[in-house]
Amino acid sequence: MNTPTALPDQKKVGMVSLGCPKALVDSERILTRLRADGYAMSPDYAGADVVLVNTCGFLDSAKEESLAAIGEAISENGRVIVTGCMGEEADAIRAAHPQVLAVTGAHQYEQVVEAVHTHAPPSQGPFVDLIPQPDIKLTPRHYSYLKISEGCNHSCAFCIIPQLRGKLASRRIDAVLREAEKLVAAGTKELLVISQDTSAYGVDIRHEARPWPRGQDAREVRAHMTDLARELGQLRTAEGHAPWVRLHYVYPYPHVDAVIPLMAEGLLTPYLDIPFQHAAPSVLKSMKRPANEAKVLERLKGWRAIAPDITIRSSFVVGFPGETEEDFRYLLDWLEEAQLDRVGAFRFEPVEGAAANDLPNAVPEAVKEERYARLMEVTERISAAKLAAKIGRTLPVIIDEVGEPDEDGDIGATGRSQADAPEIDGAVYLRNVPETLAPGDIVEVAVEDADAHDLFGVIAD
C-alpha cells in the first residue's frame, strides 16, 4: 500500500511596506503573486524565510526611514530583499547594508518575484489549492485602494517621482473597473482611487475606450477620470448599497468640474484631495506648477454651490527656496478665503536629484519652523470651526474599529465620516455602541461634540 506523500511546509515571506498608498498596492500585488506561486505569508520576522522591504525614496527623511527598516529586518531575520522607490538607489542601499540579497525598483513585480524564487525557492508548486485564493489585502476588508495608473508627466521642481516611477502609464479602463467590481464583491465598502495624477488618467493612451460591462449590455467607456468616476458610482455592495468612492491626488484641471455633479447625485463621495502645494504665484512658478490660484478660489465656490457637503483636502509646502514673508502671508490669506476642510503641511526638504536643490535663497530652518507653526495654527482654527458647525447634524459613518466593553459595559467605536480618508484625516468617535456593531458597518451618527480634528457622537435612533 502506498503511503500518501505529505506536502512540504510552505516557504514564508514577510513584508515591511513603507511610504504612500500606491506603494501599499504594490505590496499587495507582490504578495498576491507570491501566494499564487506557493508561498505563505509570515506576520513576523522570526517565521519568514525571506523578508521584503518596500521602500520610500521621496524625501531624504523617507530614505533614512527605509534604511532603518532594512537594517531592522537584517538584524531580526538576516535574509532581506529590497524593492520600491528607494530601490532606484541600489548603490546607496548596498553601501549601508551590503548583506541585502537583492534590490529592485518601484513596481518591478516580476523582478521581486524572481528574487524571492532565487533566494527562497518555493517548496510547493503554484495552485496547490483547488479553490482560488482571494488577492492579499494589507488594508482592512472594508476599504481598498484602487490604483489607476503609474508615474507622472509633471516636472515639479521639488519632486523626483518621474525619475522613480517613470512617465504616466494608465491602466485599461476595463481592467480598473473589473478590479473595483471584484473588490466590492469581496466586501469593500469604500474605494480610494489613487495614482500620481488622477486627473490625467488616460491621457497617455488617448482616453482609449473599452467595452464595459461584459456581455450584450456592454457599452464603450473611455479611460478618463469622469467616465471612471461615473462607472464606479454604479457599483453596488452585496447589500445593494453604493460603495463610498473617494478621489485622491486630483490636479484641478478644468474637467474636474464635471465630477462635482456626480457627488451631488450621490454617485461619488463628496471629497477631493487636491495637491495645491502653495498659492503665491512666484512660489508656484519656482515650483513649476500652475499659478491660477484666483481661478481656483472661484471654482471652489462653484463646487460648494453644487455639492454643499464637499470636503476639500490639500497639502502645502512651507519654506520653499525663495519663499518670502510676503509670499507666505499671501498663502495664509488664500487659505483664509479658500476655507479648506483638511490641510497637511510640510517643511521643504531637499531631495537628491530634484531641480529645487539648485534654486537660490534657501529659507533658514528656523524660519521654516516658524512658518509651519503659523500655517498649522490657521488651518486648525478653520478646521475647528468647520467641525463645530457639524454638531447637531446626523452623518453617515463607516466603522473602522470596535472597542472592548469598559467597566460599565459601554462599548466605544472609531469610524470616519465621508469627510475623512483613512490614515490622513480625522475620525469620528462613538460612545455606547451595540455589541453587534462591526468594522465596515455604515451607520447614521448624531454628532454631539467636536475638536480641531475629530467628531464625537452616538448612533442615531
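Can you give the Kirkwood hydrodynamic radius for region 184-331, in Å, rounded to one decimal and based on Cα pairs?
Working: mean 1/r = 0.0586 Å⁻¹.
Across region 184-331, the inverse of the average 1/r is 17.1 Å.
When the helix-only estimate is applied to the chain (DSSP H runs of n ≥ 4, each -39,500 (n - 2.57), divided by the residue count), what is the mean residue ellipticity at 222 nm, nearest 500 deg cm²/dmol?
Numbers: 12 runs with 141 residues, N = 461.
Dividing the helical sum by the residues of the chain leaves -9500 deg cm²/dmol.
Looking at the P(r) of region 30-70, how many percent of alpha-carbon pairs lie beyond 11 Å? Please report the intermediate quantities before stating the final value.
Details: 567 of 820 pairs.
The proportion of pairs with Cα distances above 11 Å equals 69 percent.
Compute the distance in nm between two label points, each set 7 Å from the Cα along the Cα-to-Cβ direction, one at T324 and one at M376.
2.8
Can you spot the lysines whose alpha carbon is less than 28 Å from K288's alpha carbon? Ignore those fewer than 8 places along the same chain.
Here the lysines satisfying the reach criterion relative to K288 are K22, K63, K147, K167, K301, K368.
Could you give the length gained on full extension between R393 and E208, defined as 0.36 nm per residue of separation minus the Cα-Cα distance, in nm? The partial results should precede the final answer.
Details: separation 185, 0.36 × 185 = 66.60 nm, distance 4.31 nm.
The R393-E208 span can extend by a further 62.3 nm.
Return the whole-Å distance between the Cα centroid of region 179-219 and the Cα centroid of region 409-461.
Centre-to-centre (Cα) distance: 30 Å.
Whose amide H sits under 5 Å from the amide H of D449, counting only residues 5 or more places off or on another chain, with H placed in the peptide plane?
F456
Place +1 on the Cβ of every Lys and Arg and -1 on the Cβ of every Asp and Glu in region 370-418, take the dipole about the Cα centre, and give the residue among I411, I382, V397 whose Cα lies farthest towards its positive end.
The residue sitting farthest along the positive end of the dipole is I382.
When only Cα pairs under 8 Å and 6 or more residues apart are kept, what is the percent relative contact order across the chain?
Numbers: 910 pairs, mean separation 44.7, N = 461.
In percent, rounded to a whole number, it is 10.
Project the alpha carbons of the chain onto their principal axes and report the range along each, largest first, in whole Å.
Over the chain, Cα extents along the principal axes are 83, 59, 59 Å.
In Å and whole numbers, how far do the C-alpha atoms of region 334-460 stretch along each principal axis, longest first?
Between the extreme Cα coordinates on each principal axis of region 334-460 lie 60, 31, 25 Å.
Please report, as a whole percent, how much of the solvent-accessible surface of region 230-298 comes from carbon and sulfur atoms (probe radius 1.4 Å).
Working: 1510 of 2790 Å².
Ligands and nucleic acids excluded, carbon and sulfur give 54 percent.
Please list 3J(HN,Hα) in residue order for region 316-324, calculated via the Karplus relation 6.51 cos²θ - 1.76 cosθ + 1.60 where θ = phi - 60°; whole Hz, with x for glycine and proline.
Result, ordered by residue: 9, 9, 10, x, 5, x, x, 5, 8 Hz.
If you roll a 1.4 Å probe over the heavy atoms of the protein chains, what accessible area per residue do you get for region 325-461, in Å²?
Values: 7160 Å² over 137 residues.
Each residue of region 325-461 exposes 52 Å² on average to a 1.4 Å probe.
For region 307-406, what number results from the quotient of the Cα radius of gyration and 2.2 N^0.38 Å? The partial results should precede the final answer.
Working: Rg = 18.0 Å, N = 100, 2.2 N^0.38 = 12.7 Å.
Cα-based Rg divided by the globular estimate yields 1.42.
What number comes out for the charge environment of R230, summing +1 per Lys or Arg and -1 per Asp or Glu over other residues with Cβ under 11 Å away? Before the final figure, lay out each step's value.
On the way: positive: R222; negative: D227, E231, E265.
Residues near R230 contribute -2 overall.
Rounded to the nearest 5, what % of DSSP beta bridges with both residues in the chain are antiparallel? Write out the running numbers ahead of the final one.
Numbers: 24 of 61 bridges.
Here the share of antiparallel DSSP bridges comes out near 40 percent.
Where does the Debye-calculated log10 I(q)/I(0) of region 166-215 sit at q = 0.28 Å⁻¹, using only Cα point scatterers of equal weight, no solvent?
The calculated log intensity ratios at q = 0.28 Å⁻¹ are -1.13.
The values are calculated or read from the model by the stated rules, or taken from the named source; none is laboratory data. Predicted, not measured: the structure shown is a model, and the values here were computed from it. Cβ coordinates were reconstructed from backbone atoms using ideal geometry, including for glycine residues, and neighbour counts include every protein chain displayed. Each accessible area value is taken on the protein alone, full model and side chains, heavy atoms only, with ligands, DNA and RNA left out. Shrake-Rupley method; radii C 1.70, N 1.55, O 1.52, S 1.80 Å.
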